[in-house]
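Here's the structure, in structure tokens; my notes come after.
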Amino acid sequence: MITFRILKQSKKSAARLGVLETPHGVVETPALTTVATQASVKTLTSDEVRATGSQMLIANTFHLHLRPGERIVKAAGGLHQFMAWDRPLMTDSGGFQVFSLGFGRDLGLGKLSSPSDEVRLGAQPQHLRITDTGVYFRSPIDGSPLFIGPRESIKIQEALGADIVFAFDECTPSVSDEAYTARSLSRTHQWAKDCLRFKKSKQALYGIVQGGRFAHLRQASAAFIGALPFDGFAIGGEFGGDKQVMSAMIRLTLGILPSGKPRHLLGIGHPDDLLPVIRSGIATFACIAPTHYARRGIAFISSGRLDLRRQIFLKDKKPIDNACACVTCVTYTRSYICHLLRAHEITALRLLTFHNLSFFHETIRKLREDIKNGKI
């Protein structure tokens, strides 16, 4: 199980300095939860991930179920031993794959997309089928059929053995109309109760608030999920493609959820999100941005971002960021990393991933200090 203590509540915002204690150590909050989809932070070893300042990782239940399978992980001693990670771990529920392999795939959507298509009540994705009992998928690896519902999701997560697990839910696309979103929310609420009933382990279980871009549905979901005996709460889904609306929706949701338990934000965490998310009162949040952009040659720096694939950087002898003390910035130049990228050397991806994660964690550490000193 877990315990959560609020050390300081800001007088200038809803920001909170806290400590999340788990069986595998303590997380100082607010904190970024580094994404380790397949029990790995892409390009880095677990030792290197620790060196970036990562306090906690989140792995993907759906993908680990496909390979190597939760039985293999359990036989290896659970995820912590399997991936040689001795710090806290989360696993998601598979709910995001209902979106990403469903309407997200059909319509080419991201979490904050707003194309002209609309998902209406009664619609089904082309490549999976959503029912009241769970979701029928086809494996993206070999096309074989599989089913995941609340019972299956909890069973897989218990075998994986993370410290914190999530209730199974449907992550609706940004283009869902109100009727579809309301029907989906009713199903997600039933699955939340089912997950509480099916869980037998001592792992902490977080309930997930959904409701899409509709404020009254978000409020209803926060009230419903917040009244259930979860160990913490997460905010999932999309918010309509506008970051100001997103921030307002997060604040609205957090104002309803119980204040004494940890709050986690799923899938949000670009550099310009960090301050508003932390000011809203979120404890932890997960986002692929640091690693995803690194593998595309993008470095985040204090003044913005750099595309180090550009030829202009071949003659640039400066570090990625003069203000950064990570190993990449201390040791290597923009020129060298640009060369590696243009030569398609995989070392570049490792160096950029290490830098981006270090940059994010150091930025958030400074924001924790700002909360402590009454600045935000």
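The values are calculated or read from the model by the stated rules, or taken from the named source; none is laboratory data. Every value quoted in this text rests on a predicted model; they were computed, and no experiment measured them. Cβ placement follows ideal geometry from the backbone for every residue including glycine, while neighbour counts extend to all protein chains displayed. The protein model used for the area step is the full one, side chains on, heavy atoms only, and it has no ligands, DNA or RNA in it. Shrake-Rupley method; radii C 1.70, N 1.55, O 1.52, S 1.80 Å.
To the nearest 20 debye, what charge dipole does the stretch 277-376 have about its Cα centre, counting +1 at the Cβ of each Lys and Arg and -1 at the Cβ of each Asp and Glu? Walk me through the intermediate numbers first.
On the way: 17 positive and 7 negative charges, 29 e Å.
Result for the stretch 277-376 is approximately 140 debye, rounded to the nearest 20.
Just to confirm the filter: which trypsin sites (Lys or Arg not before Pro) across the stretch 122-180 are DSSP coil and have at most 12 other Cβ within 10 angstrom of their Cβ?
Working: sites: 129, 138, 151, 155; in loops: none.
For trypsin sites (Lys or Arg not before Pro) across the stretch 122-180 that sit outside H, G, I, E and B with at most 12 neighbouring Cβ atoms in 10 Å, the list is empty.
Relative to the present Cα-Cα distance, how much length would full extension add between residue 272 and residue 322 at 0.36 nm per residue of separation?
16.0 nm
Given a cut-off of under 8 Å on Cα pairs at least six residues apart, what relative contact order in percent is computed for the chain?
It rounds to 18 percent for the chain.
For the charge dipole of the stretch 1-65, defined by +1 on Lys and Arg C-beta atoms and -1 on Asp and Glu C-beta atoms about the Cα centroid, which residue among 37, 53, 6 has the Cα displaced farthest towards the positive pole?
6
Could you work out how much longer the chain between residue 309 and residue 363 gets when fully extended? Use 0.36 nm per residue separation minus the Cα distance between them, nm to one decimal.
Length gained, residue 309 through residue 363: 17.0 nm.
Dipole size in debye (nearest 20) for the stretch 196-275 around its Cα centre, Lys and Arg Cβ +1, Asp and Glu Cβ -1? All intermediate terms of the calculation are to be shown ahead of the outcome.
Numbers: 10 positive and 5 negative charges, 93 e Å.
Dipole magnitude for the stretch 196-275 comes out near 440 debye.
If I ignore ligands, DNA and RNA and count only protein heavy atoms, how much of residue 376 is accessible to a 1.4 Å probe, in Å² to the nearest 10?
20
Under 1.5 on a/c is rounded, so check that first for the stretch 1-140, then, if it is not, pick prolate when a/b is larger than b/c and oblate when it is not; a ≥ b ≥ c are the square roots of the alpha carbon gyration tensor eigenvalues. Don't skip to the end; give the middle numbers.
Values: a/c = 2.21, a/b = 1.35, b/c = 1.63.
Judged from the Cα gyration tensor, the stretch 1-140 comes out oblate (a/c at least 1.5, b/c at or above a/b).
Shape verdict for the chain, please, from the Cα gyration tensor: rounded (a/c under 1.5), prolate (a/b greater than b/c) or oblate.
Cα axes put the chain in the rounded bin.
Just the projected area, averaged over all directions, of the convex hull on the alpha carbon atoms of the stretch 242-328: how many nm²? Write down the numbers at each step before the final one.
Values: hull surface 29.5 nm².
Taking a quarter of the hull surface, the average projection is 7.4 nm².
Given R₀ = 35 Å, what would the calculated FRET efficiency be for residue 132 paired with residue 6, taking r from the Cβ atoms and rounding to 0.05?
0.40
Of the cross-linked pairs 12/243; 74/155; 155/200; 11/372; 12/372, which ones have a Cα-Cα span greater than 18 Å in the structure shown?
Check vs 18 Å cut-off fails for 12/243.
Going by a 4.7 Å Cβ-Cβ cut-off, which cysteines of the chain have no partner at all?
171, 195, 287, 326, 338
Under a Cβ-Cβ cut-off of 14 Å, what is the net charge of the residues other than residue 244 that fall near it, where Lys and Arg count +1 and Asp and Glu count -1?
Around residue 244, the charge tally is +1.
Of 264, 189, 292, 339, which has the most accessible area with a 1.4 Å probe, and how do the rest follow in descending order?
339, 292, 189, 264
Within the chain, which is the longest segment that contains none of the GluC sites (Glu not before Pro) sitting in a DSSP loop with at most 15 other Cβ atoms within 10 Å?
119-344
Per 0.36 nm of contour for each residue apart, how much would the distance between residue 288 and residue 40 grow if the chain were fully extended, relative to their Cα-Cα spacing? Present the calculation step by step, with values, prior to reporting the outcome.
Details: separation 248, 0.36 × 248 = 89.28 nm, distance 1.25 nm.
Length difference between fully extended and current span is 88.0 nm.
Counting pairs of alpha carbon atoms under 8 Å apart in space and at least six apart in sequence, what relative contact order in percent does the stretch 8-135 give? Present the calculation step by step, with values, prior to reporting the outcome.
Numbers: 142 pairs, mean separation 24.2, N = 128.
Relative contact order of the stretch 8-135: 19 percent.
Counting only protein heavy atoms and a 1.4 Å probe, tell me what percentage of the chain's accessible area is made up of carbon and sulfur. Could the numbers behind the result be given before it?
Working: 8230 of 15870 Å².
Answer for the chain: carbon and sulfur cover 52 percent of the accessible area.
Just add up the charged neighbours of residue 234: K/R +1, D/E -1, any other residue whose Cβ is under 12 Å from the Cβ of residue 234.
Charge balance in the 12 Å sphere: -1.
Any idea what the dipole of the chain comes to, in debye rounded to 20, about its Cα centre with Lys/Arg Cβ at +1 and Asp/Glu Cβ at -1?
It comes to approximately 680 debye.
Of the options 103, 196, 311, report the single residue whose Cα projects farthest towards the positive end of the charge dipole of the chain (beta-carbon charges: Lys, Arg +1; Asp, Glu -1).
The residue sitting farthest along the positive end of the dipole is 311.
Near residue 138, within a Cβ-to-Cβ distance under 12 Å, what is the net charge of the other residues, with Lys and Arg +1 and Asp and Glu -1?
Numbers: positive: 105, 129; negative: 142.
Summing Lys and Arg as +1 and Asp and Glu as -1 gives +1.
I'd like to check one number: the per residue accessible area of the stretch 5-134, probe 1.4 Å, reported in Å² as a whole number.
Ligands and nucleic acids excluded, the result is 45 Å² per residue.
I need to check one value: relative contact order of the stretch 216-325, counting alpha carbon pairs closer than 8 Å and at least 6 residues apart, in percent.
20
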